[in-house]
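See structure below.
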Amino acid sequence: MATQHEELDPSVLRGLGVANQASMKSLSEHVYEAFEDEEELADSFQTGAVIRQRPQFTRIPKHDVFEDVAFMVAEHLINVKMTPNWVAYIFGNRYISQEIKQLGLDEKQPFVEDIYDTVDTSSWCKKLMNGIPSFAEKILKKELPDTDLPREWLQFPVSNDSRKGKRKSQEDRYISMPTLKLVFPDTSRSDVGLFGVFDGHNGAECSTYSAAHLATEFNDVLKQNAEGKRSLEESLQTSVVRLEHRLFVRCDKEQWRSGSTAVVMAVDNDEMSFAWLGDSAAFILKSSSLCQRQVDKIPVDHSTSNKSEAERVEADGGQLLYIGGELRVNGVLNVTRALGDIGGRPMVSGAPEIKTLKRSVDDYLVLLVCDGITDAFDNENLFQIVEAFVNDNPLEDYEELAQYICMNAIRNHSEDNVTCIAVYLKHPAELWKLLVSIFIQR
């Protein structure tokens with residue numbers, strides 16, 4: 001089973017790339033490293049280094065501002081400054097908390113379906129993004145509280161990677177939170193990790209929205225369930241349904257015509273719950289399945305090749321037409337469920353499918369991937385890729401597994417964006433021990 005950070009001894013922490021808790025880099029240390037490559041750190045603070053950022057949206061409803069901007073800032077830090085995810089998430093949330101009054105808001109606004117007041121992003125997006133170095137300066141000058149990596153963040157060691165690949169634009173997004181406590185200090189379930197891959201099509205609006213807002217919906221559902229009446233599965237399903245409803249409103253008001261597949265996992269020490277729409281997939285590597293030398297796929301794709309899904313589409317009034325050599329819903333999409341895609345309803349359903357698995361000592365690794373990965377690799381190939389990585393790399397590089405999978409998918413002629421989240425259900429050393437010993441035996 002995955003363990004809480006406080007149960008990890010120094011040797012375990014060394015295996016995770018840190019000598020002990022005291023030696024872990026703090027938020028301010030990561031911020032310094034992220035900005036030290038400016039021409040001069042002090043000069044960048046004084047002059048305000050220009051950050052070129054095209055706003056994702058031309059206007060934002062007030063109830064979406066907080067998450068939209070926090071995610072935009074976090075993405076900038078991850079993709080441009082190469083900061084760890086935990087640093088980007090907490091930086092983004094603290095930054096918008098401080099700057100929200102620039103947007104004419106006193107505080108974070110709740111979602112109310114019949115109210116759709118918006119702010120114009122074109123006037124403040126550039127100013128907001130160019131204020132990032134000044135906010136970093138406040139952290140370094142100790143004008144704002146510093147933060148260490150929360151110990152719960154290590155309860156599910158994780159590797160993330162997302163690449164444009166051979167496409168002209170990147171429409172994939174992801175969320176990777178081994179604990180909700182980092183962004184939501186008052187969460188009722190710090191023992192739960194939340195991970196998700198969102199594969200956008202016809203634009204990145206819906207995948208971006210989903211990655212930005214899912215954690216808030218999930219945490220709100222958990223808080224409302226403080227007495228434990230809802231299971232982890234029910235909480236995840238409710239949060240995805242609520243996310244889909246909010247996204248539908250946004251798509252309708254803003255005339256978005258994009259959509260996104262999704263695969264999401266909520267996990268604690270006892271079970272794993274998966275929710276998915278479309279053809280993004282989840283795989284689990286188990287010791288009991290090694291004799292087949294393949295990972296086990298958990299979701300069944302919501303695609304036109306799925307007989308029950310095809311029948312549902314036709315029952316809802318849709319047609320399956322061959323376009324470009326494959327069946328498509330009304331000649332447009334080859335997936336039958338997705339977030340967004342409101343012009344295709346009800347044939348393209350927004351209802352997630354859910355599956356929960358009890359955790360066992362047999363479980364080692366979960367992979368959440370977009371179809372850019374599954375187009376390149378089948379279950380057996382994915383096992384071989386993981387095995388090759390473990391045998392060619394030291395344990396300290398466990399965070400590079402997702403990048404290794406994505407890069408190999410591109411080399412294997414994947415024509416799509418590629419995204420992978422690898423969640424270790426045991427200490428990574430256990431996976432190395434398992435696969436290295438098998439490799440030696442062979």
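Every read-out reported here was derived from the displayed coordinates using simple, explicitly stated rules and does not represent laboratory data. Just so it is clear, the model here is predicted, and its values are computed rather than measured. No Cβ is skipped: glycine too gets one built from the backbone with ideal geometry, and neighbour counts run over all protein chains shown.
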Practice item. Sort Ser231, Ser308 so that the residue with the fewest other Cβ atoms within 10 Å of its own Cβ comes first and the one with the most comes last. Key: Ser308, Ser231
Study note, to complete from the structure: With the label point 7 Å along the Cα-to-beta-carbon line of Ala351 and a cut-off under 18 Å to each amide N, the hits in the stretch 229-265 are 234-246, 248, 262
Exercise for review: Using just the helices of the chain, give the 222 nm mean residue ellipticity in deg cm²/dmol: DSSP H runs with n ≥ 4 each add -39,500 (n - 2.57), and the total is spread over all residues, rounded to 500.
Suggested key: -11500 deg cm²/dmol
Practice item. Could you list, in their original order, any pairs among Lys62/Lys181; Lys223/Lys253; Lys297/Lys358 whose Cα atoms are separated by more than 20 Å? Key: Lys62/Lys181; Lys223/Lys253
**Study point:** Entry for semi-axes √(5λ) of the Cα gyration tensor in Å (calculated from the structure that is shown) out of (i) 32, 30, 21; (ii) 83, 19, 16; (iii) 36, 25, 22
**Key:** (i)
**Study point:** Gaussian network model of the chain, springs between alpha carbon atoms under 10 Å - residue of Asp117, Asp416, Asp186 with greatest fluctuation
**Key:** Asp117
**Study point:** Theoretical gain in end-to-end length, Ser122 to Asp378 [0.36 nm per residue, Cα-Cα removed]
**Key:** 87.8 nm
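What size of dipole, in debye to the nearest 20, comes out for the chain about its Cα centre when the only charges are +1 on Lys and Arg C-beta atoms and -1 on Asp and Glu C-beta atoms?
Values: 47 positive and 70 negative charges, 88 e Å.
Dipole about the Cα centre, nearest 20: 420 debye.
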Study note, to complete from the structure: Karplus ³J(HN,Hα) for the stretch 141-149 (6.51 cos²θ - 1.76 cosθ + 1.60, θ = phi - 60°; Hz, whole; x = Gly/Pro) runs 8, 6, 6, 10, x, 7, 9, 8, 4
Practice item. Using a cut-off of under 19 Å, list every residue of the stretch 397-419 whose amide N is near the label point 7 Å from the Cα of Ser289 along the Cα-to-beta-carbon line. Key: 402, 405-406
Review point. Where in the chain are the helices, taken as whole DSSP H runs, whose Cα atoms extend 18 angstrom or more along the long axis and whose Kyte-Doolittle mean reaches at least -1.0?
Key: 65-79, 85-99, 205-224, 232-254, 379-392, 428-441
Exercise for review: Taking the Cα centre of the stretch 254-306 as origin, work out the dipole magnitude from +1 charges on Lys and Arg Cβ and -1 charges on Asp and Glu Cβ, in debye rounded to 20.
Suggested key: 260 debye
Review point. Amide H to amide H under 5 Å from Ser303: which residues, 5+ apart in sequence or cross-chain, H placed 1.01 Å off N in plane?
Key: Thr336
Point to revise | Only Lys, Arg (+1) and Asp, Glu (-1) charged, at Cβ; the stretch 262-377 dipole about Cα centre in debye | key: 80 debye
Check your understanding: What's the extension gain from Glu314 to Asn391 if we count 0.36 nm per residue and subtract their Cα-Cα distance?
Key -> 22.9 nm
Practice item. Could you please state, rounded to a whole Å, how far the C-alpha centre of the stretch 160-184 is from the C-alpha centre of the stretch 340-407? Key: 13 Å
Check your understanding: Can you give the FRET efficiency for Lys164 and Asp114, using 1/(1 + (r/R0)^6), R0 = 25 Å, r = Cβ-Cβ distance, to the nearest 0.05?
Key -> 0.05
Check your understanding: Taking the chain as a Gaussian network, Cα atoms linked when under 10 Å apart, which of Ser122, Ser210, Ser287 shows the biggest mean-square fluctuation?
Key -> Ser122
Check your understanding: Fewest first, what order do Tyr116, Tyr424 take by the number of other Cβ atoms within 10 Å?
Key -> Tyr116, Tyr424
Review point. Karplus couplings for the stretch 367-375 from phi (6.51 cos²θ - 1.76 cosθ + 1.60, θ = phi - 60°), rounded to Hz, Gly and Pro as x?
Key: 10, 10, 9, 8, 6, x, 7, 6, 5
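By count of other Cβ within 10 Å, fewest leading, how are Ser288, Ser260, Ser414, Ser26 ordered?
Numbers: Ser288 11, Ser260 32, Ser414 23, Ser26 14.
In increasing order of surrounding Cβ atoms, one gets Ser288, Ser26, Ser414, Ser260.
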